[in-house]
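The block underneath contains the structure these notes are about, expressed in structure tokens.
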């Protein structure tokens, strides 16, 4: 049985096994390396949306991974391009939140110190 019959890439490279001509979730063709345009569903961010979070998650007093679990469970409530603010006072959140964003392809925008803990801004990417 050939690689193509098994569903592999015609050029033999390892990786995702997409059917020829199959569109991805964003509607783009596999292998398309152009930056996402309006067809990707991304919402341009300008004005108040760029600074005002659409959702604030209060994880103060909760130890990691609870802030991550809260974010993962509720980020779908906001529109693509909107911000979620996570309030946390566990020092592990300073590394865990950016790592989760990188793992899940969400945009880690910034962190800021607060009188009690930190504020983390995450922009929903998809």
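Some notes on this structure:
- Here the range 48-97 and the range 98-115 have alpha carbon centers that stand 8 Å from each other.
- Label point at residue 63 placed 7 Å out along Cα→Cβ; residues across the range 90-105 whose backbone nitrogen lies under 13 Å: 90-93
- Point-to-point label distance, residue 72-residue 104, nm (Cα→Cβ direction, 7 Å offset): 0.7 nm
- Percent of beta bridges antiparallel (DSSP, the range 43-126, rounded to nearest 5): 70 percent
- Values of log10 I(q)/I(0) for the range 49-123 across q = 0.13, 0.16, 0.25 Å⁻¹ run -0.30, -0.47, -1.22, by the Debye formula with one identical scatterer at each alpha carbon and no solvent.
Values in this text are rule-based calculations from the coordinates and carry no lab data. Here the structure is a predicted model, which is why all the values come from computation and not from measurement. Don't worry about glycine lacking a Cβ; one is built from the backbone with ideal geometry, like all the others, and counts go over all protein chains shown.
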